[in-house]
1. Tell me whether the stretch 54-121 comes out rounded, prolate or oblate; compute the Cα gyration tensor, take square roots of the eigenvalues as a ≥ b ≥ c, and use a/c under 1.5 as the rounded threshold.
2. So with the 1.4 Å probe, I'd like the accessible area per residue for the chain, rounded to whole Å².
3. Using a 1.4 Å probe on the protein heavy atoms, what percent of the accessible area of the chain belongs to carbon and sulfur?
4. Hey, if you put +1 on the Cβ of every Lys and Arg and -1 on every Asp and Glu Cβ in the stretch 1-105, which of 10, 84, 23 ends up farthest toward the positive end of that dipole?
5. Mind checking the full-extension length gain between residue 102 and residue 13? Use 0.36 nm per residue of separation minus the Cα-Cα distance, one decimal, nm.
6. Using 0.36 nm times the number of residues separating residue 43 and residue 118, minus their current alpha carbon distance, what extension gain do you get?
Amino acid sequence: QVQLVESGGGLVQAGASLSLSCAASGRTFSSVAMGWFRQAPGKEREFVAAISWSGSNKYYAESVKGRFTISRDNAKNTQYLRMNSLKPEDTAVYYCAVGGLRVGVGVENYDYWGQGTQVTVSS
């Protein structure tokens with residue numbers, strides 16, 4: 001059974017940094033894309049970042065470009081999201097996801113999802 005487990009969320013002040021991790025189990029995901037999404041209260045789930053299977057291609061939402069960095073370690077079946085210069089508008093539940101061969105920015109491109117981890121940024 002495939003399982004994605006996120007960790008690393010928390011409460012921080014604006015300007016601080018956080019790192020999220022997402023460990024996958026149940027099968028190997030070294031040949032598929034991975035991504036991060038987030039959902040704030042009352043809003044739809046939105047794309048944050050995605051990475052190709054090799055790690056050579058990375059994509060970011062405009063709102064996080066230059067502040068967030070996605071990475072992966074295929075040997076550990078794990079992806080990461082480093083978040084710097086956090087803003088109150090980054091407050092949301094962050095979800096990791098695993099998709100197919102192509103990197104996508106839509107939720108429909110991903111087959112497996114984590115349970116989410118809360119990130120709260122105070123002003």
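1. prolate
2. Here the residues of the chain average 51 Å² of exposed surface.
3. Carbon and sulfur together cover 47 percent of it.
4. Looking along the dipole axis, the top candidate is 23.
5. Values: separation 89, 0.36 × 89 = 32.04 nm, distance 3.54 nm.
Result for the pair: 28.5 nm of gain on full extension.
6. 25.5 nm
The values are calculated or read from the model by the stated rules, or taken from the named source; none is laboratory data. All of these numbers come straight from a predicted model, not from anything done at the bench. Quick reminder, even Gly has a Cβ in these numbers, built from the backbone with ideal geometry, and neighbours come from all protein chains shown. Note: accessible area is taken over every heavy atom of the protein model, side chains too, but ligands, DNA and RNA are not part of it. Shrake-Rupley method; radii C 1.70, N 1.55, O 1.52, S 1.80 Å.
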